[in-house]
Amino acid sequence: MAETVWNTDTGEAVYRSRDPVRNLRLRVHLQRITSSNILQYQPVAQRGKDLIDLATFRPHPTASGHRPNEDEEEEIVIGWQEKLFSQFEVDLYQNEAACQSPLDHQYRQEILKLEDSGRRKNRRIFTYTDSDRYTNLEEHCQKMTTATKEVPSFLVERMANVRRRRQDRRGMEGGILKSRIVTWEPSEEFIRNNHVINTPLQTMYIMADLGPYGKLGYKNYEHVLCTLKVDSNGVITVKPDFSGLKGPYRIETEGERQELWKYTIDNVSSLAQPEEEEREQRVFKDLYGRHKEYLSSLVGTDFEMTVPGALRLFVNGEVVSAQGYEYDNLYVHFFVELPTTNWSSPAFQQLSGVTQTCAARSLGMDKVAYFSYPFSFEASFLHEDESAEALPAWPVLYCEVLSLDFWQRYRVEGYGAVVLPATPGSHTLTVSTWRPMELGTVAELRRFFIGGSLELEDLSYVRIPGTFKGGRLSRFGFRTKTTGSVTFRLHCLQQSRAFMESSSLRKRMRSVLDRLEGFSQQSSIHNVLEAFHRARRRMQEARESLPQDLVSPSRTMAS
Amino acid sequence: MESMAEVHVIGQIVGATGFSESSLFCKWGVHTGAAWKLLSGIREGQTQVDTPQIGDMAYWSHPIDLHFATKGLQGWPRLHLQVWSQDSFGRCQLAGYGFCHVPSSPGTHQLDCPTWRPLGSWREQLARAFVGGGPQLLHGDAIYSGADRYRLHTAAGGTVHLDLGLLLRHFDRYGVEC
């Protein structure tokens, strides 16, 4: 104790515990540093922290020169809601006339018993428990500002009420009828319970009587050392925090005789036995393990896997909307084209769809038709031809927008295509469309009156025609007109054994190409491994089917 | 490989905009494929009736909290919605059907789900304008499957807004990138 580092942080700290709060034990140590005449002579010392340290250092030898008698120093271990009487209370309750409530009488009995046995373990430190009058009063009259008079607001009143009424709150929670969601005539009780937070809270104050020697038992000298609050969820609020290594707290008394006190608060709750803790952990582990097993048994763990060397692409998509078209009552015809090389799709997959016909509504400047049309498909990519240097082509989504009129005539409104996103995740694609156009008013008139117009014979003409062979694609001489756009929302998933390895190596997203390289090597290694496993299994089976004495000849020899 | 792939869907149906009707409520449900198992949570529900006071957005803030486990990627959870309106006589009339896939990438997603409703003949349209009512789907599965949609003639409705948070577990062990 050569130097004292004061802990000036008196804010509250929150702890959580699953154990019953009655196991909570605190050790409070209170010591008088000085009858601080020195502080009065050194007003400068109160400004800087270093100087305060000096100031406190100086009187220390004189303090320790004295016999550390009970009046100067006190240490006590306090349990949760343990009542320690102050000198004031001892004096008060010995007078029977002062006792009004049953609690007062109970205190009187206890005090008389203590006085008889002379075993009062505290002098200066005492407590106010949850049932004490002080606790209610403190909560009610606590001042937050320097205002001369604080009028408690509606909320303050309610909160005080809540805390006081915590005992009979428990029953209420279950009592509210589940079927009635809205109460049209809230009762007084209902309002009290529901207008404020309703976590039941228990409070305890650890106090100190810092009166001068021989003048214990005056209310003015009472100081709060520590406030403890515990709610039913096991949240323990300590204000100020346990001292630990942070050094003691200080109290300077006011008045003529300024005195400096220091105190520490420590958590000395007895820890659970290691074997007990271990058992508890084992029980929990067992419980969680069994729950997990149960869940696994519900689902099964044989997750659907890809063939080695293949990439599976899952697309969950929707045709969301079509906007900006000339005629009303739109429908969208779409399909997915898989590139001819390397891609395949399960036979049952539907790679095309036709939405319903939807009458558009106006949204801002545009007319929008909503489809919310779901589609999902899977396709797999198998890189068989390693020699080919070309980039793997990706599937393409083609769409065609048509309108249907009252006379059941249809008109082509637009063509569009988009390459499916190569990265997994959610994507919103807006596909702008165009339609073939004929020059001249006659064609437009025909389109208006008769319906029908120029159409593409082959939808693949939207991108690269299927029949196209050659070096340059020219569309010269083909006239189109910009029409509206179609919105798709796609959620893509990719699955491959290659990703399992790369994710274990913590490689993050690179280009799909990089990740798929060496597919063929990988698959050949896999094939070798598979063959090895098969051979081994056959050997084991052969072993088991052999007579026992043949397998272990040494044992038969020994016997 | 003894761990199963799990998906948590946590979020809310925030509300709806763009409907011509005023007092709206929403029935919702989640449909999954055969490989999926709902471990906890409620698969379908219905919101309260909300009457917007300012603007045209009806707020429901209806919670969705689902926990799935799966054996395969097919049949990813899909959310289907039915928006209804209730008039002052307590009659309910259909305002729109909506659909959206539950996203497959982890994180929070703000989804706008547009809706549609069957239009019916011009007589029915006229009747709907004056006395309400109107045709509804005979089988609810047309909302979340596309097979027979081409038979329908519909009108665009409003939009339902959703906030969904996705948590995925153990998908990386099976080589799935999402």
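Within region B:112-129, the set of residues being in a strand (DSSP E or B) and facing chain A (nearest Cβ under 8 Å) comprises B:CYS113, B:PRO114, B:THR115, B:TRP116. The condition of being under 30 Å from A:GLU75 (Cβ atoms), at pLDDT below 80 and assigned to a loop (DSSP other than H, G, I, E, B) holds for only one of A:LYS178, A:LYS121, A:LYS149, A:LYS143, that being A:LYS121.
Within region A:346-357, identify whether any single residue is of a type in the set (Gly, Ala, Ser) and within 21 Å of B:GLY96 (Cβ to Cβ), and answer yes or no.
yes
For region A:381-395, filtered to residues that are more than 14 Å from chain B (Cβ to nearest Cβ) and at pLDDT 85 or above, the residue that is surrounded by the most Cβ atoms within 10 Å (Cβ to Cβ) is A:PRO395. In region A:215-231, the count of residues that are of a type in the set (A, V, I, L, M), assigned to a strand (DSSP E or B) and surrounded by fewer than 18 Cβ atoms within 10 Å (Cβ to Cβ) is one or more.
Select from region B:130-178 the residues that are acidic (Asp, Glu) and either surrounded by 15 or more Cβ atoms within 10 Å (Cβ to Cβ) or within 10 Å of chain A (Cβ to nearest Cβ) (or both) and list them in ascending order. Let's see the steps before the verdict.
So the first thing to find is which residues in region B:130-178 are acidic (Asp, Glu), and the list is B:141, B:148, B:163, B:172, B:177.
Result: B:ASP148, B:ASP163, B:ASP172, B:GLU177.
Taking residues in region A:356-380 that are more than 7 Å from every other protein chain (Cβ to nearest Cβ) and charged (D, E, K, R), and partners anywhere that are assigned to a loop (DSSP other than H, G, I, E, B) and buried (at least 23 other Cβ atoms within 10 Å of the Cβ), the pairs with Cβ atoms closer than 6 Å and at least 6 places apart or on different chains are A:LYS367/A:ALA360. Of all the residues in region A:228-276, those that are polar (S, T, N, Q) and touching a helix residue (DSSP H, G or I) at 6+ places or on another chain (Cβ under 8 Å) number 4. In region B:28-44, the qualifying residues are those that are exposed (fewer than 15 other Cβ atoms within 10 Å of the Cβ) and not aliphatic (A, V, I, L, M), and the one that is nearest to the chain's Cα centre (by Cα) is B:GLU44. Look at (1) surrounded by 17 or more Cβ atoms within 10 Å (Cβ to Cβ); (2) polar (S, T, N, Q); (3) at pLDDT below 90 and you find that A:SER403 fails only one, number (3). Here A:TYR370 passes the criteria (1) hydroxyl-bearing (Ser, Thr, Tyr); (2) closer than 28 Å to A:GLU457 by Cβ; (3) in contact with a Phe, Trp or Tyr (Cβ under 6 Å, 6 or more places away or on another chain) except the one numbered (2).
Sort out which residues of region B:64-84 are of a type in the set (Phe, Trp, Tyr) and under 24 Å from A:SER496 (Cα atoms), and write them in order of number.
Within region B:64-84, B:PHE68, B:TRP76 meet the criteria.
Picking from residues in region A:343-355 that are within 7 Å of another protein chain (Cβ to nearest Cβ) and of a type outside the set (S, T, N, Q), the one that is surrounded by the most Cβ atoms within 10 Å (Cβ to Cβ) is A:GLY353.
Scanning region B:52-88 for residues that are among the basic types (Lys, Arg) and in a loop (DSSP other than H, G, I, E, B) yields one hit, B:LYS71. Contact map, region A:314-337: first residue free of Cβ contacts under 8 Å to residues at least 12 places away in the same chain and closer than 30 Å to A:GLU304 by Cα, second residue charged (D, E, K, R) and assigned to a strand (DSSP E or B), Cβ cut-off under 6 Å, separation 6 or more or different chains; the map is empty. Of all the numbered requirements in (1) hydroxyl-bearing (Ser, Thr, Tyr); (2) in the same structural domain as A:SER380 (by the TED database); (3) touching a Lys or Arg at 6+ places or on another chain (Cβ under 9 Å), A:THR301 misses one, and that requirement is (2). In region B:84-96, the residues that are closer than 16 Å to B:TRP28 by Cβ reach residues that are assigned to a strand (DSSP E or B) and charged (D, E, K, R) with C-beta atoms within less than 6 angstrom, at least six apart or across chains, in these pairs: B:LEU94/B:ARG117; B:GLY96/B:ARG117. With respect to being within 8 Å of another protein chain (Cβ to nearest Cβ), at positive phi and not hydroxyl-bearing (Ser, Thr, Tyr), A:ASN329 fits the description. Tell me yes or no: at least one residue of region A:30-42 is outside any loop (DSSP other than H, G, I, E, B), at pLDDT 50 or above and within 30 Å of the chain's Cα centre (by Cα). No. A:GLU304 meets the stated requirement of being out of contact with any helix residue (DSSP H, G or I) (no Cβ under 7 Å at 6 or more places or on another chain), acidic (Asp, Glu) and either within 12 Å of another protein chain (Cβ to nearest Cβ) or crowded, with 17+ Cβ neighbours inside 10 Å (or both). A:SER502 meets each of the listed conditions (1) of a type in the set (Ser, Thr, Tyr); (2) modelled with pLDDT of 85 or more; (3) under 22 Å from A:GLU378 (Cβ atoms) apart from (2). If the condition is being at the interface with chain A (Cβ under 10 Å from one of its Cβ atoms), touching a Gly at 6+ places or on another chain (Cβ under 6 Å) and part of a strand (DSSP E or B), then region B:89-111 contributes only B:GLY96.
Go through region A:435-477 residue by residue and tally those that are in a loop (DSSP other than H, G, I, E, B) and surrounded by 10 or more Cβ atoms within 10 Å (Cβ to Cβ).
14
The values are calculated or read from the model by the stated rules, or taken from the named source; none is laboratory data. Everything numeric here is computed off the predicted structure, so don't read it as measured data. Virtual Cβ from ideal backbone geometry, glycine too; neighbours counted across all protein chains shown.
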